[in-house]
Every structure is written in C-alpha cells, then in structure tokens.
Amino acid sequence: MLFADKNILSVSQLTGLVRNLLEENFEQVWVEGEVSNLAMPGSGHLYFTLKDAHAQLRCVMFRASARALKFRPKDGMGLIVRGRLSVFDARGDYQLIGEYLEPKGIGALQLAFIQLKERLAREGLFADVHKKEIPRLPQRIGIVTSATGAAIHDILQVLDRRFANVQVLLRPVKVQGEGAAEEIAAAVDDFNRYGKIDVMIVGRGGGSLEDLWAFNEEIVARAIHRSAIPVISAVGHEVDYTIADFVADLRAPTPSAAAEMVLRSKAELSAELEALSHRLGMAMRRLLNEQWGELNGLIRAVKDPTMLLGHLAQRLDDFEARSCRCMRQLLTRSGDRIHVLNDRLGMQSPAVRLERCRELLLLLQSRLEKTMVHTIERAGQSLAFNAGKLEALSPLATLGRGYSIVRKLPEGGVVADGGQLAPGDRVEIMLRKGGALCRVESAHGEAVRKP
Amino acid sequence: MAVEKFETALKKLEEVVKKLEGGELSLEDSLKAFEEGIKQAAFCSKKLNEAEKRVEVLLKQKDGRFVTERFQPKDE
C-alpha cells in the first residue's frame, strides 16, 4: 500500500512514517563515536555529533538525562551513548536521543577523575569545614608551578600591573608528564615545612585534559588537603575543573585570577581601612559633641540654682513684704485696741476718784475744823470753868492762906507726918512766896494742934 | 606573622569603631578606645603601604634545607 503507484504523501506524513519506523525498530541502541560540535545552551539540553571516520550522527540528550551526567563531555572525546533513534521533523534529521553516556578511550581518565572525585568527596576532603580562610593581606605568596610556564608569567604580570607589595616565592615544579604530580605534592609539603608564606597558589596554565592531569592525581589532592597554609588552586582555564580545585581552600579560574584574588584584597582593605578610620573619627566627634552637649547642659543646670535663688529671694521678698504688711496691720489693730483700752483705762483712772476723795477730804477737813473749833471753844470754856474750880481747890491757895508744904529731900515726898522725919533730914519748905531749905533738929509724930 | 597582625589590627579597629559607635563608653574609655583605634589604623595603613616586592625561588638543597634566590623569568 505504501509503495503503490502515485500514493503521494506530504513531507510531514512521510517524516512521521519514517519516525515511527525508526522509533519502533531502534528503541534502544548503543553507539560509540567521537564527540564534536558539543553545545549545551541555556535550556540544559546537550547537543553533539558523534562521528567516526566515515559517518556522523546527530545526538541530543535532554536536560533530565544531561543533568545526571557525572562528567562533562567534550569535543573530541570518545563516548559510548545509549539511546533511541528518532527524527527531528522540522529539519528532517534523524537523531539519537541519548539517555546515558559513558566515556571511551580518553574517557577513561574522565572516569578516573569521576571515581577519585567521588571517593575523596565521600572521605570529606572537599568539605567546607576544611576550607581555610585566605589571608586578606598576604605578604608572602608561595607559588607551586613551572618556572617556565604561563602561570608564573601571568601571575608576575598581574603583580607588576598592580602596585603589589608582596614577596613571591616560587617553588618550581614540573606540571605535566611523568612525575609531575609527585613534584607538585612535594612542593606543597615543602612550603609547609618552610612555613614563611601566608598563602600558596598551586596551578598551571591551560592545556589539554592530559596536560592538566597531574592536578587530578590523588597525591596532589592529599598534599593540598594536609597543607596548613591556605591553598588557592589555579589550573588551566575557567572551564577546567580539577580535583585540586575541589580540595583547595579557594579555586581561582586561572593563575592570573589567583593573583588578582590575592591582590584585590589590598584595594578592598585600603577602602575598608579608610572607611573604618572615617567611622572612628566620626564616632569620636559625635561622642565629643554629645559630651559637650551634656556638659553644656550641666553648665546650664549649674546656672539654674542662681535663678532658683533669685526665685527664692523674690519669694522671700514677697514673704517679707507680706509679713510686714501683716505686722503693720497687726500693730495697727493692736494700737487701736490699746487706744480703746487706754481710753477705758483712762475712764478708770484714780485721778477722778482722787479728785472726789480730795473734795470729800476738803469737806471732811472743814467739818473737822469746825468741829475742832467748837470743841476747842467748849474745852476752853470747860477749862476756864475747871481752872476756876481748880484755883479754888489748889494747895497753893492754901499756902496763900499761910500754910506751907514740907517735902523731904531728896525724894521730895510731901511730909504730912513728923514721924516720917528724923533729925538731920533735909526738907524743903514751900511757902506762898518762896521757900526754905531746912534741916530737921527733931521730929515727932504727935499732931500739933494749932489754935 | 605580619599578616595576622594586620588582620588582628583591622579587627581591633573594627571593634573599637563599633564600640565607639555604640556610644556606651564613658568619655575616658572612649578616648582610650579612640587612641587605640588610631594606633591600629596607623598600623594597618603602614602595613598596606609597605612597598616591598620581591620574587624569589625556593630551592631545596640535598640536605633538605631551603634556600631562596632571585627569580629570573626566562622569556621564551
């Protein structure tokens, strides 16, 4: 039917038929060849051509499968591919859709690389905990590379281009061929024994996979791993990854880049130092300003008491004024009271009474005088009366009638009895007129009757 | 090693700056810290500007000792 006359198919139809035919009959094939035109665009799919001396085969490996690859296929590499055949309709190409790749021939090295890498990874040689920090301002840099290779040339060029204040110590080694790995490993160890470097660059310039192979050797990996000095690996070009790169403390894409990394830090450090110095100054200035502010605040605070004193003084003045006023009021009130009391007191003054007393006294006095005069008059009358009577009764009157009075001396007692006298007594004799002093010659007590 | 000293100094400087910026120091401590910072900064600056470039080769002698000598790049 398919091959009947004039059964005309469209290109698509035919292509579809061919595709079905291929897919049904070549569901799984193994094919080997050399890789060329390798491309891995952003899609992640892997495109390449497998070829041998006489033929070539377009191959694609879709992303899911490509991602599972443990090595990177390269142009010229011999590969064994497992996959299925299909047709890329749009171009009419038939192609192998690869599902699994493995290296062939030189691919054995790749395999060794993969195997070593996996083994060392399992051992933990690549672990981040082993990564030493690269000093930020190394002053002595050790370099393990060929004395005649591109690497040292590139590194020195970078150092020249930059104004680099570093000392470079080269430990020249063979970087490829027989014994290169042993030399590299020994150089790393030598630098550790020597000690007087801050960081080490281990590497070489670009080359084929075989050229770079020494850096994939276990002995180098172990030496780098046990190095106490930080190691920067710098092998080949950007795309070249070696075991040394994985075990090193830092991977530089190229030797020049390694030199740049080591030196770049100087500019960064200068900037950092400048920034820190600036911040230091700023912080101090701010601090001092703050302190000044505080101090000024305190100074102001110190001034305050005077104001406070002013306030207090003012208050004091106020109190004083008020108390004076109060005092005055009090005094005024008291004065008024005193006046009142004084008046009242005045009313109670004894002068008034005194006056009255004086008047009374005068009255009494006059009455007394009148009474006295009267009494005296009466007394005078009485006296005159009695004096008359007395005159009548007076012994003196008797004397007038010739009688005399004898009085014994010295007592002067009146002698009425002669018995009272004895001879020799002195007596006085009172007469009406005058008298006599006499001495008794004799006395007797018998009454003498006069005739 | 001078390198370590440089980095220690830079770290110290950074600590001092942070402390000062924190503003929790007394004035006296601040001045001390500032002085310290200035010292470290001067040291770092000196280290950065020390211009000494030398390229040598490390050679191992038969007895295992190391010697260095001036490196003469060979132009091919």
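The values are calculated or read from the model by the stated rules, or taken from the named source; none is laboratory data. The structure presented is a predicted model; accordingly, all values stated were derived computationally and were not measured. As a convention, Cβ positions derive from the backbone with ideal geometry for all residues, glycine included, and neighbour counts pool all protein chains shown. Heavy atoms of the whole protein, side chains included, go into the accessibility calculation; ligands, DNA and RNA do not. Shrake-Rupley method; radii C 1.70, N 1.55, O 1.52, S 1.80 Å.
What share of all Cα pairs of the stretch A:266-308, in percent, falls into each consecutive 10 Å distance bin?
Distribution as computed: 26, 26, 20, 15, 9, 4, 0 percent.
Helix B:2-22 versus the longest principal axis of chain B: what angle, 0 to 90°, nearest 10, using Cα atoms?
Tilt relative to chain B: about 20 degrees.
Under the 0.36 nm per residue contour assumption, what length would be gained going from the current alpha-carbon distance of A:Glu441 and A:Ile114 to full extension?
97.0 nm
In vacuo Debye scattering of chain A, one point per C-alpha: log10 I(q)/I(0) at q = 0.06, 0.07, 0.12, 0.14 Å⁻¹?
Values returned for q = 0.06, 0.07, 0.12, 0.14 Å⁻¹ are -0.65, -0.71, -1.12, -1.26.
Which value, in Å² rounded to 10, gives the accessible area of A:Ile197 with a 1.4 Å probe and all protein chains present?
0
Mind jotting down a quarter of the surface of the convex hull over the alpha carbons of the stretch A:399-439, in square nanometres, one decimal?
Projected over every direction and averaged, the Cα hull of the stretch A:399-439 covers 2.8 nm².
Please report the relative contact order for the stretch A:31-74, taking Cα pairs under 8 Å with a sequence separation of at least 6, and give it as a percent rounded to a whole number.
RCO, the stretch A:31-74: 34 percent.
Whole Å is fine, so just give me how far the alpha carbon centre of the stretch A:230-286 lies from that of the stretch A:177-214.
A separation of 21 Å, based on Cα centres.
Heavy-atom accessible area per residue, the protein assembly as shown, 1.4 Å probe: how many Å²?
Result: 64 Å² per residue.
Using only alpha carbon pairs under 8 Å that are at least six residues apart, calculate the relative contact order of chain A and give it in whole percent.
8
In percent, what relative contact order does the stretch A:11-105 have, based on Cα pairs under 8 Å that are 6 or more apart in sequence?
32
Scan chain A and note any complete DSSP helix (H) whose C-alpha atoms cover at least 30 Å along its axis and whose Kyte-Doolittle average is -1.0 or more.
Counting only whole DSSP H runs, the qualifying helices are A:255-347, A:350-393.
Would you kindly calculate the mean projected area, averaged across all directions, of the convex hull enclosing the Cα atoms of the stretch A:11-105, in square nanometres?
Projected over every direction and averaged, the Cα hull of the stretch A:11-105 covers 6.3 nm².
Report Rg (one decimal) and Dmax (nearest whole number) for the stretch A:130-264, counting Cα atoms only, units Å.
According to the Cα coordinates of the stretch A:130-264, Rg and Dmax are 12.9, 38 Å.
Would you please give the FRET efficiency between B:Asp63 and B:Glu15, computed as 1/(1 + (r/R0)^6) with r the Cβ-Cβ distance and R0 = 51 Å, to the nearest 0.05?
0.65
Which value in deg cm²/dmol, rounded to the nearest 500, describes the helix-derived mean residue ellipticity at 222 nm for the protein assembly as shown, given -39,500 (n - 2.57) per DSSP H run of n ≥ 4 and division by the residue count?
Helices in the protein assembly as shown give a 222 nm mean residue ellipticity of -17500 deg cm²/dmol.
Mind checking A:188-198 for the average number of partner chain beta-carbons within 10 Å of each residue's beta-carbon?
Per-residue shielding by partner chains comes out at 3.
What length, rounded to one decimal in nm, is gained on full extension from A:Ile219 through to A:Ala301, with 0.36 nm per residue of separation minus their alpha-carbon distance?
Extra length from A:Ile219 to A:Ala301 when fully extended: 21.8 nm.
Cα to Cα, under 17 Å, and not fewer than 8 places away if on the same chain: which aspartates and glutamates meet these conditions relative to A:Lys433?
A:Glu391
A:Leu368 to A:Leu312: extension gain in nm, 0.36 nm per residue of separation minus the Cα-Cα distance?
Gain on stretching A:Leu368 to A:Leu312: 12.2 nm.
Could you work out the Kirkwood radius for the stretch A:55-171, taking every pair of different alpha carbons, averaging 1/r and inverting it, reported in Å?
Final number for the Kirkwood radius of the stretch A:55-171 is 19.0 Å.
For the stretch B:24-39, what does the Karplus curve 6.51 cos²θ - 1.76 cosθ + 1.60, with θ = phi - 60°, yield as ³J(HN,Hα) per residue in whole Hz, taken in order and with x for Gly and Pro?
Couplings: 9, 8, 6, 4, 5, 5, 4, 4, 4, 4, 4, 4, 4, x, 4, 4 Hz.
Can you give the local net charge around A:Glu359? Use residues other than it whose beta-carbon is closer than 13 angstrom to its beta-carbon, Lys and Arg +1, Asp and Glu -1.
For residues surrounding A:Glu359, the net value is +3.
In this model, which of B:Lys12/B:Lys60; B:Lys19/B:Lys39; A:Lys132/B:Lys39; A:Lys74/A:Lys131 are farther than 27 Å apart at the alpha-carbon?
B:Lys12/B:Lys60; A:Lys132/B:Lys39; A:Lys74/A:Lys131
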